[in-house]
Amino acid sequence: MSTETASPSKRSAIFLQDACYQHQYIRSRDVSAIVERPERLRAVTVGLSAAIARLETAFHGTTSANMNVPLPPASEAEEEPLDPDDLAAVMGRMKIIPDSRPSPVSIVRSQASVDLLNDPAVKYIHGDVDGDVYLEDLKGWARDSWDKIRNGGSEIPEGLAQGDLYLCPESMDAIQGAVGTVCEAVDRVVASSRDTGGPSSAASATLPTQDPAVHRAFVAIRPPGHHCGEDTPSGFCFVNNVAIGAAHAHLKHGVNRVVILDIDLHHGNGTQSIVWQINEETYRQKLESDAGAPSPERPGLQVYYGSIHDILSYPCEDGKAGLIQAASVSLHKSHGQYIENVHLQEYTSEEHFWNTLYTQEYSKVLRKAEEFLDGTGGPGDDVMVFISCGMDACEHEYESMSRHNRKVPTGFYHRFARDVCALSDRYAQGRVVSVLEGGYSDRALISGAMAHLSGLVDMDAVVEEEWWSVENLSKIEKATKKRRGGRASVGTPGTTEPWLERTLELFNSLNSPGQAKQGTPASSRTLVPPSSMTLRQRKTRSAGASTSPTPSASPSPSPANASGLQRTGSDVQPKAPRSGGRGNVKAELMTPSSSTGTEGSTSSGSSEADLAVSAGLRKVPRVVLRLGPDPSLSAGS
């Protein structure tokens, strides 16, 4: 009798983008204090590999490790002898035959990219009526970054957060690849729900075999996006990946109602401000139509934004009233807005977390999402659900990042994913696209990714929280520790638990050092097809506008999204709205002074730029974070 588990009714996939490794800090060779780093993706890949290995074991009743067929001996292959204790090297000499059985998770190695200046969804979120001033500036900052730093300056213009942001010439490949991958995931998920899905243009991994049907996607990309407003980068974010994905679903696929659920430790102030703008424009069109004006050709986009975050952390840590008020808004239907913010609290035990905090408090964002969908038409083909999946609230995050002790147990990422999938099954034909935001320690990313993917897969009956126990996380970390040559290894084959061997096999297949360093040539990337749909009405911005903030004497905005606020030095002042439009809503994104650092951290000044900068040039700003001890040590591993 077969031991295999029934095939999941909703198919899940992970989307990886090698170009995202190219975004790197270049102001100094010392990157020890940089937390938003390329290695974040390596840790996420470890967690995803472990989740797939565990799910495969449950799915088939065994691993697919027995599908490996050794190549000829080293003497015949003219290769050096192998160390029998180096499993990675042994497996590297083995021919991997793809498992012919279906896998519970598909793997997409995306090569998708977009041109920021020509993509409709990007322009919908970050463009201007009279010209894409911010997007053109962003490309220029990245293009000129090396020269700026070599000449003793900073690649980030004055007036923007030097401690929060960095760029290099290859950053645009990472940013455009990240956006393209999100849009590709949206295309696959929508196509699958409409039974029109076909093979993707993206290159896919051979283990396991790619399945064209994808209902739930996890997109592992960087840099993150949820702190970026329309033209205000901050908090490691330069474009808003999830907001662009929602706009792409709207413009290309006719998705008119979107749910965005943000579970990053930090409030997604950029996303909330963008959502406010979109809803404001749709509401204005409705009021005008109700008053007798011609109705728009297509329904406007309506977005619900629900966030669970720490009100004591970035961007609210400095105590600025507008930012704190924005991160505390609860507004539904009035003025066409649908926003719910819930603050993380300390928990005293697992029972306290699940029985009180999660059930009574944190689940509010899901209940309000249901109210939004019920009040705007109920279930439908025009609904899609996104998760801004930050993992920095995880119990295993750096103490310096979560120093206010507003944390969640790792199992939260599994349970929340399950609850979101249930919501999507009821209202959105199962469509879920989850996009990586924050998360900085390796253990937080490994455990969070493992639990989250396990929740996105339609196999909840077989998932066990023991998978991401501290004991098993220690095994995973030891097995995937970097060795000479960049490949991970464990002990002699046959002496390690099968799921761990399978984890290593998958990880070494997915974590390609060459691709991680080189990225994908821009000429070989596929562009997301443009849309003929029109963009939402936008406000004009002078083509010669300065990138630096300037104060104005315009009236103070509503605290609902802290829009129109702008920082000059250490003071926050209201910002004048753009001319040529009404209802302009802008995000206030934290621009730290010299005493303020990155997300929930503190800056302690500048350091030597020891690239190829000649002697005598002034010091260059760098990102400085006070990191806590390795959480794996305090966990007893």
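Of all DSSP beta bridges located in the stretch 287-436, what percent are antiparallel, nearest 5?
Values: 3 of 14 bridges.
That works out to approximately 20 percent antiparallel.
What shape does the stretch 321-399 take by its C-alpha gyration tensor, where a ≥ b ≥ c are the square roots of the eigenvalues and a/c under 1.5 counts as rounded, a/b above b/c as prolate, and the rest as oblate?
prolate
Provide, in order from the shortest bin, the percent of all Cα-Cα pairs of the stretch 225-381 in each 5 Å bin, continuing until the bin that contains the maximum pair distance.
For the stretch 225-381, the binned pair fractions read 2, 9, 16, 20, 20, 15, 10, 5, 2, 1, 0, 0 percent.
Rounded to the nearest whole Å², what accessible area per residue is found for the stretch 269-408 with the 1.4 Å probe? Don't jump to the answer; show the numbers that get you there.
Values: 5410 Å² over 140 residues.
Accessible surface, normalised per residue, equals 39 Å².
Rounded to the nearest 10 Å², what accessible area does Asp173 have for a 1.4 Å probe in the complete protein model?
The value for Asp173 is about 40 Å².
Read phi for every residue in the stretch 143-160 and hand back ³J(HN,Hα) as whole Hz from Karplus 6.51 cos²θ - 1.76 cosθ + 1.60, θ = phi - 60°, with x for Gly and Pro.
So the J values, rounded to whole Hz, are 4, 9, 4, 5, 5, 4, 5, 4, 8, x, x, 10, 6, 9, x, 4, x, 9.
Lys/Arg Cβ at +1, Asp/Glu Cβ at -1, dipole of the stretch 403-472 taken about the Cα centre: which of Ala449, Asn405, Val462 is farthest positive-ward?
It is Asn405, whose Cα lies furthest towards the positive end.
For the charge dipole of the stretch 278-367, defined by +1 on Lys and Arg C-beta atoms and -1 on Asp and Glu C-beta atoms about the Cα centroid, which residue among Pro299, Asn355, Val329 has the Cα displaced farthest towards the positive pole?
Farthest along the dipole direction, towards plus: Pro299.
Please give me the summed charge of the neighbours of His414: other residues whose Cβ is under 11 Å from its Cβ, Lys and Arg +1, Asp and Glu -1.
Net local charge, His414 excluded: -2.
Please report the accessible area of Glu288 (heavy atoms, 1.4 Å probe, ligands and nucleic acids excluded) in Å², nearest 10.
My reading of the accessible area for Glu288 is about 60 Å².
Is there a quick way to get the dipole size of the stretch 394-484? I mean about its Cα centre, with the Cβ of Lys and Arg at +1 and of Asp and Glu at -1; what is the value in debye to the nearest 20?
Taking the Cα centre of the stretch 394-484 as origin, the dipole is about 460 debye.
So how exposed is Trp146, as accessible area in Å² (1.4 Å probe, rounded to 10)?
80 Å²
The values are calculated or read from the model by the stated rules, or taken from the named source; none is laboratory data. These numbers come from a predicted model, not from an experiment. Note: ideal-geometry Cβ built from the backbone for every residue, glycine included; neighbour counts use all protein chains shown. In case anyone asks, the SASA skips ligands and DNA or RNA and just uses the protein heavy atoms, side chains included. Shrake-Rupley method; radii C 1.70, N 1.55, O 1.52, S 1.80 Å.
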